[in-house]
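Notes follow the structure.
The values are calculated or read from the model by the stated rules, or taken from the named source; none is laboratory data. Bear in mind the structure is a predicted one, so any value in this text is a computation, not a measurement. Cβ placement follows ideal geometry from the backbone for every residue including glycine, while neighbour counts extend to all protein chains displayed. Just the protein is used for accessible areas: all its heavy atoms, side chains included, with ligands, DNA and RNA removed. Shrake-Rupley method; radii C 1.70, N 1.55, O 1.52, S 1.80 Å.
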Amino acid sequence: MNSVAIAAIETSSIAQGTVVADAMVKTAVVELVQASPISPGRYWILIGGEVAPVRSAYQRGMEVVADTLVDSLLIPQLHGMVLPALTGTAPRVDHDALGVIETLTAAAAILAADRAAKTSDVLLRDLRLANGLGGKGVLFLTGTVADVQAAVEAGREEALRRGLLHRSVVIPRLHDQMKERVLG
């Protein structure tokens, strides 16, 4: 997908989430990137495309979500590294430091990833959302220690601003065995 923009809505109801996803894709020509139940009993919708249709579909989703909204996002110009990190296709490069940002929602993790990538010269290695994480999102990024510190701070601030940061860390010189397990 060569999306310029993405939007996501996370609901507390699988049933209502299905209604929201359907309303979004009926509203405008967008790509339905993800639409599925996530743990713990939530529903996740991620769309992409050109800015105006994505904005229109997102607005419709926000109208339909009712009282089931957990979190949402609209990013008009997504950084190019976010989707490869999300789909597991990010390049494997050895760097000096590892940064980890753990958020309480999937949407907050994507926003933190976008902000981190736009702030500093880092590589977004992996972006994991919700399933198997109790509904959380976690971002792994690498680079020089200084760049990773700056990127983690920016992503951390984004999640904190929304009240959805769980934890963030920077690990200089990650041990080779940990690199293999975490970034392998």
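If you work out volume of the Cα convex hull per residue in Å³ from the coordinates, which of [x] 184; [y] 132; [z] 97 do you get?
[z]
Over the chain, with the other protein chains present, what is the accessible area per residue in square angstrom, probe 1.4 angstrom? Write out the running numbers ahead of the final one.
Details: 8470 Å² over 184 residues.
Ligands and nucleic acids excluded, the figure is 46 Å² per residue.
Sorted by average packing, counted as other Cβ atoms within 10 angstrom per residue and highest first, what order do 154-161, 48-55 take?
Numbers: 154-161: 20.1, 48-55: 18.4.
So the peptides 154-161, 48-55, ranked by packing, come out 154-161, 48-55.
Going by accessible area, probe 1.4 Å, with all protein chains left in place, what is the ranking of 179, 26, 118, largest first? All intermediate terms of the calculation are to be shown ahead of the outcome.
Details: 179 45, 26 155, 118 110 Å².
The residues order as 26, 118, 179, largest area first.
Residue 178 accessible area, nearest 10 Å², 1.4 Å probe?
Roll a 1.4 Å probe over it and residue 178 shows about 90 Å².
What are the semi-axes of the equivalent ellipsoid of segment 8-110, taken as the square roots of 5 times the eigenvalues of the Cα gyration tensor, listed largest first and rounded to whole Å?
With the √(5λ) rule applied to segment 8-110, the semi-axes are 26, 17, 11 Å.
Say we join alpha carbon atoms closer than 10 Å with springs in a Gaussian network model of the chain; which of 29, 82, 138 then has the biggest fluctuation?
29
Carbon and sulfur: what percent of segment 30-129's accessible surface (1.4 Å probe)?
Details: 2020 of 4090 Å².
Within segment 30-129, the accessible surface is 49 percent carbon and sulfur.
Label points 7 Å out from Cα along the Cβ direction at residue 173 and residue 87: separation in nm?
With each label placed 7 Å out from Cα toward Cβ, I get 3.7 nm.
What does the charge count around residue 12 come to, taking other residues whose C-beta lies under 14 Å from its C-beta (Lys +1, Arg +1, Asp -1, Glu -1)? Before the final figure, lay out the partial values.
Working: positive: 42; negative: 10, 67, 71.
Combined, the nearby Lys, Arg, Asp and Glu give -2.
Please compute the net charge surrounding residue 116, taking Lys and Arg as +1 and Asp and Glu as -1 over other residues with Cβ under 12 Å from its Cβ.
On the way: positive: 115, 118, 125, 156; negative: 114, 121, 147, 153, 157, 158.
Here the count lands on -2.
Calculate, for residue 180 and residue 12, the FRET efficiency according to 1/(1 + (r/R0)^6) with r their C-beta to C-beta distance and R0 25 Å; round to the nearest 0.05.
Details: r = 37 Å, r/R0 = 1.48.
The value I calculate is 0.10.
Give me the net charge for the shell around residue 96: Cβ to Cβ below 10 angstrom, other residues only, Lys and Arg +1, Asp and Glu -1. List each step's numbers first, then the result.
On the way: positive: 173; negative: 94, 147.
After counting each charged neighbour, the total is -1.
Please state the relative contact order of the chain as a whole percent: Cα pairs under 8 Å, 6+ residues apart? Provide the component values of the computation, followed by the final result.
Values: 430 pairs, mean separation 40.0, N = 184.
Taking the mean separation of contacting Cα pairs over the length of the chain, I get 22 percent.
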